[in-house]
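Participant: Provided herewith is a single structure, encoded as structure tokens, for subsequent inquiry.
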Amino acid sequence: MSRTILEKQLTDWFYALPDVGNMTKRHHDQMISIIREHEQQSTSQDTVYLQKCADSDIKANEWIGIDLDGTLADYSSGWRAWNDIGPPLQPMLDRVKEMLAANKRVKIFTARVCFDTDVCRATGQGFSREDMAKVIQDWCEKHGLPRLEVTNIKDIYMRELWDDRAVQMVPNTGRTLTDEHLAESMAASGKAVS
Ligand SMILES: [Mg+2]
């Protein structure tokens, strides 16, 4: 029921009564019931509105996390020095450039910046999170990327994470994507799935 209809009905009842103090129980109950119905409708509309706001907030701020070592940069030589990053892995570098060309917001998502300050396990040199972020951004620039944001924090705006350590799960199943693919191919070949 719209607010206008609700107000008209309440007003009609009000003027129909000789004295508000004499409002009958039935009228009272009906009014309460209509008000509750209206409240429920408002709540439902508010929820839809809030959901739309939340969706547009997510859309405006969403980003894609790209791991560095082993994902965007070759890490086959392992850790050599805090300020040493391997050469780019071309397919991934191209992919990131495509994301940026499509106006996606991309962040380097790396444990390299997990501490405020750290000591390099290979050289003994100390460095800060800012030092490391600068090294990573210099590397980005060297390889034709903008100075991307660097983080190790997942937030509600992160839409995708590309990482060589990730195990992709099928939502709400407890099963990995690999499990699913395996089961599908086994089913397709007519073999039993354990
Ligand atoms: Mg990695």
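The values are calculated or read from the model by the stated rules, or taken from the named source; none is laboratory data. Since we're looking at a predicted model, the values are computed, not measured. Glycine also receives a Cβ, built like all others from the backbone with ideal geometry; neighbour counts cover every protein chain displayed.
Participant: Picking from ASP164, ASP138, ASP116, which residue would you name as being of a type in the set (Asp, Glu), free of Cβ contacts under 8 Å to residues at least 60 places away in the same chain and under 29 Å from LEU93 (Cβ atoms)?
Facilitator: On inspection, the qualifying residue turns out to be ASP138.
This table checks each residue for (1) at pLDDT 95 or above; (2) within 16 Å of the ligand (Cβ to nearest atom); (3) within 18 Å of LEU161 (Cβ to Cβ); (4) part of a strand (DSSP E or B).
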site	(1), (2), (3), (4)
ARG80	yes, yes, no, no
ASP84	yes, yes, no, no
MET92	yes, yes, yes, no
VAL96	yes, yes, yes, no
LYS104	yes, no, yes, no
ARG112	yes, yes, yes, no
LYS134	yes, no, no, no
GLU141	yes, no, no, no
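Participant: Residues of the range 154-173 being closer than 18 Å to ASP57 by Cβ and assigned to a loop (DSSP other than H, G, I, E, B), which ones?
Facilitator: Correct list: LYS154, ASP155, ILE156, TYR157.
Participant: For the range 48-82, how many residues are more than 20 Å from the chain's Cα centre (by Cα) and on the phi < 0 side of the Ramachandran plot?
Facilitator: 12
Participant: Could you list, in sequence order, all residues of the range 98-115 that are surrounded by 15 or more Cβ atoms within 10 Å (Cβ to Cβ) and over 20 Å from the mean Cα position of the chain (by Cα)?
Facilitator: Within the range 98-115, ARG112, VAL113 meet the criteria.
Participant: Let me ask something additional. Any idea which of ILE58, ILE34 is in contact with a strand residue (DSSP E or B) (Cβ under 9 Å, 6 or more places away or on another chain), assigned to a helix (DSSP H, G or I) and more than 16 Å from the ligand (Cβ to nearest atom)? Show your work before the answer.
Facilitator: On the way: ILE34 fails: in contact with a strand residue (DSSP E or B) (Cβ under 9 Å, 6 or more places away or on another chain).
When all the criteria are applied, what remains is ILE58.
Participant: Something else about it: Taking THR71 and the conditions (1) buried (at least 19 other Cβ atoms within 10 Å of the Cβ); (2) among the polar types (S, T, N, Q); (3) away from the ligand (no atom under 16 Å from the Cβ), which numbered condition does it fall short on, given that it satisfies the others?
Facilitator: (3)
Participant: Let me ask something additional. Given the structure, is ASP118 at pLDDT 95 or above, outside any helix (DSSP H, G or I) and not hydrophobic (A, V, I, L, M, F, W, C)?
Facilitator: yes
Participant: If you take the residues of the range 143-153 that are in a loop (DSSP other than H, G, I, E, B) and surrounded by 13 or more Cβ atoms within 10 Å (Cβ to Cβ), which of them is farthest from the ligand (Cβ to nearest atom)?
Facilitator: Result: ARG147.
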